[in-house]
1. Using heavy-atom solvent-accessible surface (probe 1.4 Å) with all chains present, what is the largest-first order of Leu107, Leu165, Leu138?
2. Tell me the relative contact order for the chain as a rounded percent, counting alpha carbon contacts under 8 Å between residues six or more apart.
3. Kirkwood hydrodynamic radius (Cα pairs, Å) of the chain?
4. For the chain, what does -39500 (n - 2.57) per DSSP helix run (n ≥ 4), summed and divided by total residues, give at 222 nm, in deg cm²/dmol to the nearest 500?
5. HN-Hα J couplings of segment 152-157 from phi, Karplus 6.51/-1.76/1.60, θ = phi - 60°, integer Hz, Gly and Pro as x?
6. Under 14 Å from the Cβ of Gln123, count the other residues' Cβ atoms, weight Lys and Arg +1, Asp and Glu -1, and hand me the total.
7. Hey, if we sort Glu136, Glu114 by accessible area with the 1.4 Å probe, largest down, what's the order?
8. Students sometimes get this wrong: rank Thr83, Thr33 by accessible area, probe 1.4 Å, all chains present, largest first.
Amino acid sequence: MKTKLLYHTNSFTYECSAKVVAVEGDEVALDATVFYPGGGGQMADRGMISWDNQRCQANVIAMNKRKDVVWHTLDCIPPVPGTEVVGSIDWDFRYQMMRTHTALHILCGTIWKEFGVQVTGGQMYPDRARMDFAMENLNKERIAYIEQKVNEAIEADYPIRVYTLPREKAFEIPDLVRTKINLLPRILQRFVLWKS
Ligand SMILES: [Zn+2]
């Protein structure tokens, strides 16, 4: 059993048809999903699943990814396996999340490029975020300098592309891994990379 992760190939897809492949309690597994289950600091998507020509609707209130399957927790009795459904995410929430996430990559990319300093942790919300850096001498001038460099990068309007590469390959390119290596989960088999 495997869920096709549509959010990995096109992050602007906000809706998809899918089939229920399994049900466990109030959780539903689909053969394909646009719902990001959370991870890498980014919060899980929320949204809705409908079936029976939209006569039935349920809110997706939590997400879980176990092995290769994405589970959607519903706020009502789930449809039975085999049911064709339409899943749609809360796009405003996701889009804010995507912008914040991209902004963080610009920030840690800038700090890496300018000071060779790695990220040690962080927390992401749709409209705000925190990032930790193992950096000394973070004085006012330095903050202003970082802000200026980040704004220059945003101004440059680089395209954002998605690459997938095996874990071992990713570790061979130190510039690509700006997170402290020990923070990456061991089970992580593949990286999806947003590279500008
Ligand atoms: Zn990221």
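The values are calculated or read from the model by the stated rules, or taken from the named source; none is laboratory data. Every value quoted in this text rests on a predicted model; they were computed, and no experiment measured them. No Cβ is skipped: glycine too gets one built from the backbone with ideal geometry, and neighbour counts run over all protein chains shown. Heavy atoms of the whole protein, side chains included, go into the accessibility calculation; ligands, DNA and RNA do not. Shrake-Rupley method; radii C 1.70, N 1.55, O 1.52, S 1.80 Å.
1. Leu138, Leu107, Leu165
2. Across the chain, relative contact order equals 18 percent.
3. Evaluated on the chain, it is 18.4 Å.
4. -8500 deg cm²/dmol
5. Per residue, the Karplus-derived 3J(HN,Hα) values read 5, 5, 5, 4, 5, 6 Hz.
6. So the environment of Gln123 carries a net charge of 0.
7. Glu136, Glu114
8. Thr83, Thr33
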